Amino acid sequence: MATHVTAVINQKGGAGKTTLAMNLAAGLARRAETVVIDLDPQGSSRQWSSLGSAPFPATVKQIAGKWDARSLHQSFRAYRHLVLDCPPSIDSHASLQALRACDVALIPVLPSPIDLWASLRLPQEIEEARKTNKDLKAYLVLNQLEPKSALSAAMHEALAEFGVPVLSAAIRRRAAYRSAALEGVSVYQMGSRGAQAAAEIEAVINEVIPS
Ligand SMILES: Nc1ncnc2c1ncn2[C@@H]1O[C@H](COP(=O)(O)OP(=O)(O)O)[C@@H](O)[C@H]1O
Ligand SMILES: [Mg+2]
């Protein structure tokens, strides 16, 4: 079966790219062979996977040198799912190639208009990537939602202006996401402490990634 590529992308640091990429990959690894490609020079997903006492459920790799959609598919054809953890910059080779190589781009954003404005060039980059990657799907994923607090009118307006559809599955602010990173595991491996978070990640997978 063809490799399905999900890019987790946003030039804003701290938006939740690595958190979403790693937990998504752990969920996908329950279904089929999955690899995370750590495209951030800071190597956060590599570090995360090396922390735990048990092996992380998905393989985490880095790529050396220049690459493109074709070479990526060639190198990782043994895997069913590829998750790209992008660096916090849109001008980098890695981010541009990730948008050209992926089936789905997930853009985690904090629920504040100021955070969204910081990513304003992303819709243009997605349009640019669609010139060669015609079937590219892109979604915003609301991250760190506060329980019970509704999105502000300003946020609704900013989302509408952004022009990229918002996933109905959203991610709440939960201690489990922080603990998972510190413990080098995914929320799936945290038992009841991670159950609600794992259910959120499952909802994201079910909404956008074909089984
Ligand atoms: N839903 C969440 N709930 C609680 N903490 C979160 C959540 N998402 C991310 N974080 C925390 O926010 C910080 C930044 O997240 P990270 O995934 O590293 O962002 P990025 O990769 O975009 O820079 C990390 O400390 C992470 O543990
Ligand atoms: Mg990161």
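Would you pick out the residues in the range 158-205 that are within 15 Å of the chain's Cα centre (by Cα) and either exposed (fewer than 12 other Cβ atoms within 10 Å of the Cβ) or within 16 Å of ligand 2 (Cβ to nearest atom) (or both)?
Ile171, Tyr177, Ala181, Ser186
Test each condition in (1) within 15 Å of ligand 1 (Cβ to nearest atom); (2) among the acidic types (Asp, Glu); (3) in contact with a Leu (Cβ under 9 Å, 6 or more places away or on another chain) for Asp103 and report the one that comes out false.
Asp103 satisfies every listed condition except (1).
Those residues that are among the hydrophobic types (A, V, I, L, M, F, W, C) and more than 11 Å from ligand 1 (Cβ to nearest atom), I need them from the range 1-23; list them, please.
Here is the first cut: in the range 1-23, the residues among the hydrophobic types (A, V, I, L, M, F, W, C) are 1-2, 5, 7-9, 15, 20-22.
Passing the criteria: Met1, Ala2, Val5, Ala7.
Does Ser95 meet the test of being closer than 18 Å to Arg130 by Cα and in contact with a helix residue (DSSP H, G or I) (Cβ under 8 Å, 6 or more places away or on another chain)? Before the answer, list the steps.
On the way: closer than 18 Å to Arg130 by Cα: yes; in contact with a helix residue (DSSP H, G or I) (Cβ under 8 Å, 6 or more places away or on another chain): yes.
Taking the combined requirement at face value, the residue satisfies it.
Under 7 Å between Cβ atoms, which residue pairs at least 6 apart in sequence (or on different chains) link something in the range 69-80 that is within 11 Å of Ala101 (Cβ to Cβ) with a partner that is hydrophobic (A, V, I, L, M, F, W, C) and at pLDDT 95 or above?
As it stands, the answer is Ala69/Ala101; Leu72/Ala101; Phe76/Val35; Phe76/Leu82, since those pairs meet every condition given.
What residue, among those in the range 36-67 that are among the aliphatic types (A, V, I, L, M) and farther than 14 Å from Cys86 by Cα, is nearest to ligand 1 (Cβ to nearest atom)?
For the range 36-67, the residue satisfying everything is Leu51.
Return the residues of the range 129-160 that are assigned to a helix (DSSP H, G or I), free of Cβ contacts under 8 Å to residues at least 24 places away in the same chain and not small (Gly, Ala, Ser); say none if nothing qualifies. Outline the logic, then answer.
Quick first cut of the range 129-160, residues assigned to a helix (DSSP H, G or I) only: 129, 153-160.
Retained after the next criterion (residues that are free of Cβ contacts under 8 Å to residues at least 24 places away in the same chain): 153, 156, 160.
Correct list: His156 only.
If you go through the range 1-46, how many residues are polar (S, T, N, Q), within 16 Å of ligand 2 (Cβ to nearest atom) and either assigned to a loop (DSSP other than H, G, I, E, B) or in contact (Cβ under 8 Å) with a residue 60 or more places away in the chain (or both)? Lay out the reasoning, then the answer.
Going through the range 1-46, the residues polar (S, T, N, Q) turn out to be 3, 6, 10-11, 18-19, 23, 34, 42, 44-45.
Narrowing the set further to residues that are within 16 Å of ligand 2 (Cβ to nearest atom) leaves 6, 10-11, 18-19, 23, 42, 44-45.
Then keep just the ones that are either assigned to a loop (DSSP other than H, G, I, E, B) or in contact (Cβ under 8 Å) with a residue 60 or more places away in the chain (or both); that gives 6, 10-11, 18-19, 23, 42.
Here the count works out to 7.
So Glu125 fits all but one of (1) assigned to a helix (DSSP H, G or I); (2) touching an Asp or Glu at 6+ places or on another chain (Cβ under 8 Å); what number is the exception?
(2)
Does at least one position in the range 125-133 carry a residue that is in contact with a strand residue (DSSP E or B) (Cβ under 8 Å, 6 or more places away or on another chain) and either at pLDDT below 95 or within 15 Å of ligand 1 (Cβ to nearest atom) (or both)?
No, the conditions are met nowhere in the range 125-133.
With respect to Ser50, is the statement that it is outside any loop (DSSP other than H, G, I, E, B), in contact (Cβ under 8 Å) with a residue 40 or more places away in the chain, of a type in the set (S, T, N, Q) and surrounded by fewer than 21 Cβ atoms within 10 Å (Cβ to Cβ) true? It would help to see each step written out before you state the result.
Values: outside any loop (DSSP other than H, G, I, E, B): yes; in contact (Cβ under 8 Å) with a residue 40 or more places away in the chain: yes; of a type in the set (S, T, N, Q): yes; surrounded by fewer than 21 Cβ atoms within 10 Å (Cβ to Cβ): yes.
Criteria met by Ser50.
Please work out if Val60 is over 13 Å from the mean Cα position of the chain (by Cα), modelled with pLDDT of 95 or more and either farther than 19 Å from Ile205 by Cβ or not in a helix (DSSP H, G or I) (or both).
Values: over 13 Å from the mean Cα position of the chain (by Cα): yes; modelled with pLDDT of 95 or more: yes; either farther than 19 Å from Ile205 by Cβ or not in a helix (DSSP H, G or I) (or both): yes.
So Val60 passes the test.
Report yes if Leu82 is out of contact with any Asp or Glu (no Cβ under 8 Å at 6 or more places or on another chain), away from ligand 1 (no atom under 15 Å from the Cβ) and assigned to a strand (DSSP E or B), otherwise no. Explain how you work it out, then say what you get.
Working: out of contact with any Asp or Glu (no Cβ under 8 Å at 6 or more places or on another chain): yes; away from ligand 1 (no atom under 15 Å from the Cβ): yes; assigned to a strand (DSSP E or B): yes.
Taking the combined requirement at face value, the residue satisfies it.
What is the number of the single condition among (1) small (Gly, Ala, Ser); (2) within 21 Å of Leu136 (Cα to Cα); (3) modelled with pLDDT of 95 or more; (4) within 16 Å of ligand 2 (Cβ to nearest atom) that Ser71 does not meet?
(4)
The values are calculated or read from the model by the stated rules, or taken from the named source; none is laboratory data. Note that the structure is a prediction, hence the values are computed from the model and not measured. When we count neighbours, we look across all protein chains shown, and the Cβ atoms used for this are built from the backbone with ideal geometry, even at glycine.
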